[in-house]
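Colleague: My questions will all concern the structure given below.
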Amino acid sequence: MTHRHWFKIALSWLLALAATAALPARAQDFPTRPVKIITDSGPGSAVDVILRVIADRLTQVWGQQVLAVNQPGGGGAIATRIAAGAAPDGYTLFIPALSTFVAPPGAAANLPIEVPRDFAPVGFLGGGPMFITAAPSLGVTTLAQLIALAKRRPGEIAYGTNGRGRLTHLTGELLQSRTGIELLMIPYSGGTAQVLNDVMGGRIPLVIEAYSGIAGAIQNGTVTPLAVASPERLPRFPDLPTVAETVPGFAASGWQVMVAPVGTPEGIVRKVSDDLRRALSDPEVRNRLATLGRYERLMSPSEVTAFIHAEQQMWKPVLERIARNP
């Protein structure tokens, strides 16, 4: 073997070593410019509220502005398409609603999304149970009263959702299947804020949403909480019954994860995941999320993948019901 050939081999090794050494440095320095986090939920929704808490803290952690971008519509398909088409460099991240992962068949051409096929999992942001609430004009103050009224008026009582196949819709379908009642689902593309506007206008008497999306409406009396879909009563709401106290075994909780476009360098995914865990562990952030009725559960990217797959199986019967009754 000639000296020239050995020189080429040595040079290739040195270049490969230099490239490998440079990757952690670039990841460690991430980000060096503003980062955009897209959500498929509208302004004022539970997901939007959580996103802005996280974005504020990551802005402090990174020393770079983190922009929250709402792209509602299409049952999550619009935001999914935009996020999937972004450059896989870590500067565009995505926080989809739960229902983007468990969308009913035919909801959109690119839904439901799968990880890690469609996106790289980054981390778990936490979750919170769904609240069933009613406008005072409906004249009910308990879930049992609502069920009794709905049985007398099948198909007449409307509830607003963030769109067909969203968690608000899935929870309503689950309630109907477990109680034998029939409600009228009204989808809104403008998010929870638009639903609440119609509640105040007397057009929608029933709202199903996570506490973070309706906290203000509960506090100002726009809606009255009837029950919470958690396994046990919440410490912050000790007098509010669970749905399971009336409908045994009922539970429905929303959750959010952060993902990145496929192809995002593994070092950057790890950096964002670690920084996200750091942000979520901050006492101020934990307190803010707790006041919004959230629970925390730190997860690695691989744990996020396993969690999503388990949730997809859990909601499968409800999705089949929706497919049978479009």
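The values are calculated or read from the model by the stated rules, or taken from the named source; none is laboratory data. Bear in mind that the values here come from a model prediction, so they are computed numbers and not experimental data. Note: ideal-geometry Cβ built from the backbone for every residue, glycine included; neighbour counts use all protein chains shown. What goes into the accessible areas is simple: the full protein's heavy atoms, side chains included, and nothing from ligands, DNA or RNA. Shrake-Rupley method; radii C 1.70, N 1.55, O 1.52, S 1.80 Å.
Colleague: Over the range 125-211, what is the percentage of antiparallel beta bridges among all DSSP beta bridges, to the nearest 5? Write down the numbers at each step before the final one.
Modeller: On the way: 5 of 11 bridges.
Given both bridge residues lie in the range 125-211, the antiparallel proportion sits at roughly 45 percent.
Colleague: Moving on to the next point. Between the range 66-95 and the range 141-205, how many Å separate their Cα centres?
Modeller: 28 Å
Colleague: For T224, what residues show an amide H to amide H distance below 5 Å, using hydrogens built from the backbone and excluding near sequence neighbours?
Modeller: Correct list: A134, A135.
Colleague: State the percent of C-alpha pairs, over all pairs in the range 176-326, separated by a distance greater than 23 angstrom.
Modeller: More than 23 Å apart: 54 percent of the Cα pairs in the range 176-326.
Colleague: Let me ask another. Output the antiparallel fraction of DSSP beta bridges having both residues in the chain, as a percent to the nearest 5.
Modeller: Details: 20 of 36 bridges.
Of those bridges, close to 55 percent are antiparallel.
Colleague: Reachable aspartates and glutamates from K271, Cα under 19 Å, same-chain residues fewer than 8 places away excluded?
Modeller: Within the straight-line cut-off, K271 pairs with D29, D56, D89, D282, E303.
Colleague: Which percent of the accessible heavy-atom area of the chain goes to carbon and sulfur, probe 1.4 angstrom?
Modeller: On the way: 8180 of 14620 Å².
Carbon and sulfur together cover 56 percent of it.
Colleague: Based on DSSP loop calls and a cut-off of at most 16 other Cβ atoms within 10 Å, the longest stretch of the chain free of exposed GluC sites (Glu not before Pro) is what?
Modeller: Numbers: sites that count: E114, E156, E182, E232, E296.
Longest stretch, sites excluded: 1-113.
Colleague: Can you tell me which aspartates and glutamates have their Cα less than 20 Å from the Cα of K151? Leave out same-chain residues fewer than eight positions away.
Modeller: Within the straight-line cut-off, K151 pairs with E173, E182, E245.
Colleague: Let me ask something else about it. Rounded to the nearest whole Å³, what is the per residue volume of the convex hull around the Cα atoms of the range 166-256?
Modeller: Details: hull volume 9.9 nm³, N = 91.
Cα convex hull per residue, to the nearest whole number: 109 Å³.
Colleague: Could you provide, to the nearest whole Å², the per residue accessible area of the range 30-93 with probe 1.4 Å?
Modeller: Dividing the accessible area of the range 30-93 by its residue count gives 36 Å².
Colleague: Determine ³J(HN,Hα), in whole Hz, for all residues of the range 306-312 in sequence, where each value follows from phi through the Karplus function 6.51 cos²θ - 1.76 cosθ + 1.60 and θ = phi - 60°; x replaces Gly and Pro.
Modeller: Using θ = phi - 60°, the values come out as 4, 4, 4, 4, 5, 5, 4 Hz.
Colleague: If you don't mind, there's one more thing I want to ask. Need one number for the range 102-200: average projected area of the convex hull over its C-alpha atoms, nm².
Modeller: Working: hull surface 31.9 nm².
Computed as one quarter of the Cα hull surface, the answer is 8.0 nm².
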